[in-house]
Amino acid sequence: MDMQKIPAREGNHNLKDYQKMRESFSWDDMKKNFSWSETGKVNIAYETIDRHADNPDTKDKVALIYSAPDREETRTFDELRKESNQFANVLKKYGVKKGDRVFLFMPRSPEFYAAFFGILKIGAIAGPLFEAFMEQAVRDRLQDSQASVLVTTPELLPRVPQDDLPDLQKIVLVGENDEKDEKYIDYQREMEAASDQFDIEWVDLEDGMLLHYTSGSTGKPKGVYHVHNNMIQLYATADWVLDLKDDDIYWCTADPGWVTGTSYGIFGPWLKGVTNVIRGGRFTPESWYETLQDNKVTVWYTAPTALRKMVSAGENLPEKYDLSSLRHVLSVGEPLNPEVITWGLKALNLRIHDTWWMTETGAMLIVNLPSEEIRPGSMGQPIPGVEATIVDNEGNEIPPNQMGNLAIKTGWPSMMRAIWNNPSKYESYFVNGWYVSGDSAYRDEDGYFWFQGRLDDVINTSGERVGPFEVESKLIEHPAVMEAGVIGKPDPERGEIIKAFITLNEGYEESPELLEEIRQFVKTGLSAHAAPRELEVKDAIPKTRSGKIMRRLLKSWELGLPTGDTSTLEE
Ligand code: WT7
């Protein structure tokens, strides 16, 4: 077989002619898939859960298969409807209203999903936080969003700041606790007392539903604001790209603290009414093969960092498991190495379909569709209804096979509608009618897009986006650290690792113990995935004359590359 081009496979796939659709498709064609096209009543929670619970054919269908090392449970669509109604009633009792921000800081569990949909049903905006966040990361997000309620667990409560959060009225605790203060709400007790009937708050398609915080190269993490209208594109891509059918068992490995875990860990599969596997606990190649086997997963959406670990675990490992149910595999978050695609063909006997999108884009934009040829190393082509191109710095389109900034014509349904509290940041994404992604890429003559790297200093470590500024800010809080510059250093398994260069304050001597202490300081203060794996002490951190850290120069030094233009370097 020509490794350069892997043809679509025969079988139980959606073999639509997407090339033709790209010419004639209009997003209005999708509206017929939603009940609001007839009733006029909009709420994404209704389309995702209640709609299937209202249908006698799917009411008792298993929506959720939850498996964690210490807990295995299922929920039907009807059960999820009732539990989310109960939670919406709890929120109502405590005065939560449409547009309020309610944040979730807890591991994946059936309670998480009940709470998530309860928030949406009352018309509030959900803000899911990754469970590994430490106090500073939690504080930044709750402060910026002015969240009024937080749902968390007693285990994570010590990482919830007790000060500086004047807007936070209530904390819902999921799990045994003996908090007496009236600020705390006991989840179990309130749920038992709450009715499982709730009149959904009908909203406008342009009303808010979700805030996901993500990192840029400067400033604190920014709140990417999404609206109910997202459902149009989430449904379309769950159909075309995830290729979901009624009988599928679907598994998305991402945590709902990141956008993949909401867009395609929650909305995509359930908008399509498909059984969704949610797995908690830590990753090992063995446990992942087991999850695929034991649940008879048919469609699997995962990330290159996990796939690379499975490749390293050996080609013989998958032979030990019955993976015969699996029919469609997809990847997102980082470049999908051609070697991994080759491994997939051998070890799983399946193509792995790369997809490209961002927190800001809300849903997939550039993809490999099941009926189209895969060119290993390429992210694929834009979905119908989306126009992508490569632009120069002024926002002018440039010809095929030339590197530039990957850009999308504005106006796709799932696009973010704001950066919370930061209109100028939002404006800065758009040039000349294009949304400019900050990814460098080129497009070939046939319209396939090829990822080259980030154009800014954003770091992608194991598929998680880390802003160097956040890490630098934490580092300099340590008494020994005077200045810090943080870069992503290429790594075969993690894509990039975080490397920090620091200068030390007077009176501190470099030692392995001190460096480890500083590393732990970031790990426990910010979050584990943001802690530098490598720390190097320098005499000075290179800066521009205006005082900006020259991360590009640090990176060139690290990689032994030419340093380029250093005319702005401070003496
Ligand atoms: C950045 C967005 C929403 C998906 C999860 C990440 C990188 C994403 C790919 C891909 C190469 C990719 C880009 C992008 N990225 N998908 N298929 N190939 N790089 O969302 O945290 O908002 O990060 O992830 O650099 O800009 P995110």
Can you tell me the order of 196-207, 331-342, 374-385 when each peptide is scored by its average per-residue count of other Cβ atoms within 10 angstrom, highest first? 374-385, 331-342, 196-207
Can you give the calculated 222 nm mean residue ellipticity of the chain, where each DSSP H run of n ≥ 4 adds -39,500 (n - 2.57) and the sum is split over every residue, rounded to the nearest 500 deg cm²/dmol? -6500 deg cm²/dmol
Protection proxy ranking of 222-235, 510-523 - average other beta-carbon atoms within 10 Å, highest first: 222-235, 510-523
Would you work out the relative contact order for the chain, in percent, from Cα pairs under 8 angstrom that are 6 or more residues apart? 13
For Leu210, the residues 5 or more places away or on another chain with a placed amide H closer than 5 Å to its own amide H are Ala126, His226
Amide H contacts under 5 Å for Leu104, placed H, 5+ residues apart: Gly127, Leu129, Val151
Going through the range 261-349, which chymotrypsin sites (Phe, Trp or Tyr not before Pro) have at most 16 other Cβ atoms within 10 Å and a DSSP loop state? Phe283, Tyr321
Gyration tensor (Cα) of the chain, equivalent ellipsoid semi-axes in angstrom: 35, 31, 24
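A short reminder: the numbers here are calculations on the coordinates, not readings from a lab. Model, not experiment: these values are computed from the prediction. Because the Cβ atoms are built from the backbone with ideal geometry, glycine has one as well, and the counts that use them run over all protein chains shown.
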